[in-house]
Amino acid sequence: MKRNAGCHGITFEDLVNETLKYNLLPCVIPEFKSITIGGAIQGIAIESSSFIYGTFDKTILNAKLITGNGQIINSNDNLRLWNGIPGSNGTIALIASARIQLIDATKWIHLKYTYHSKVTNFFESVEKIFASRNPFSWIDKKRESLGMLQDIDISRKYTENILHWAGNKGLDKIWLCPIRSFQMNESLFNVAKSNEDFIMNIGLYGNIQDLPQSNIELQKLVCRFNGKIALYAHIYLTKEDFWNCYNYNEYLYLRKTFHGFVFMDLWEKVSKITFSKITNKY
């Protein structure tokens, strides 16, 4: 039996309802059921199984892309174009359809809560679980009711720095989810490039009095550590600071070559409105 599914214009809820009829599931299923397949690629979706499979786009066998002039290109026929799609948020080309890998669906999952009094003990636990290849993530059960501060991807060697920063800010609602690293072969906007086995995704949740200054401070800290900021969060970087985090020349090449200038610029799409409000305020 083939362990893949071709789909277009479909949400994960609808996709999973169909694949479960065959006792199969997508390798990576984001937590919000209304996310579409195209949105999960363009927005770099992750979940607890990402420490095995990486981000959702890494489970795509092929995809049909629509360029700015209406040309349809198979992702396998132009890997340079495909390398720029994940994380580009629909600013280079659109996704018409995709064929995704599937895995066996199990009847039960095992959920275990573990409490640690020290950060060092916590990281020892992370290493052990990662070595055992059991999918996992840590979620404080109250986090969904809080306003999100930021969601970032960072090298594991800098994870403790971010946690200390969060502790000093009084943030105690933390999400940690290891993501398998494809090392230096990550795509243009994907998770932080690293020679390590995995990248740590960190969600920081809570209320801080000095917003947006703490957001700005954190984003600059992440950039200094060569990390990446999830672009669905509030982005407070200037255009110059934003593009210092990415290969702007490659982005411009792809937009020019594939007529992507008909789409909104990425910084304009994810940063300008928020940044303009902050600039006007201060």
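Only the coordinates and a few stated rules stand behind these numbers; no lab work does. Everything quoted here is computed from the prediction, not taken from an experiment. Note: ideal-geometry Cβ built from the backbone for every residue, glycine included; neighbour counts use all protein chains shown.
Tabulated data
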{"quantity": "Equivalent-ellipsoid semi-axes of the range 38-123, from the Cα gyration tensor, Å, largest first", "calculated": "34, 16, 10"}
{"quantity": "The range 2-42: trypsin sites (Lys or Arg not before Pro) falling in loop per DSSP and having at most 10 other Cβ within 10 Å", "calculated": "2"}
{"quantity": "Residue of 103, 179, 46 that the Gaussian network model of the chain assigns the largest fluctuation, springs spanning Cα pairs under 10 Å", "calculated": "103"}
{"quantity": "Estimated FRET transfer efficiency (residue 31, residue 66; beta-carbon r; R0 35 Å; 0.05)", "calculated": "0.80"}
{"quantity": "Debye, to nearest 20: dipole size of the chain, +1 on Lys, Arg Cβ, -1 on Asp, Glu Cβ", "calculated": "140"}
{"quantity": "Alpha-carbon radius of gyration plus Dmax, which is the widest Cα pair, for the chain in Å", "calculated": "19.0, 60"}
{"quantity": "The chain: relative contact order as a whole-number percent, Cα under 8 Å and 6+ apart", "calculated": "20"}
{"quantity": "Over the range 223-267: Kirkwood hydrodynamic radius from C-alpha pairwise inverse distances, Å", "calculated": "11.7"}
{"quantity": "About the Cα centre, charge dipole magnitude for the range 22-127 (Lys/Arg +1, Asp/Glu -1 at Cβ), debye", "calculated": "140"}
{"quantity": "Distant-in-sequence amide H partners of residue 61 (H built 1.01 Å from N, under 5 Å)", "calculated": "99, 100, 101"}
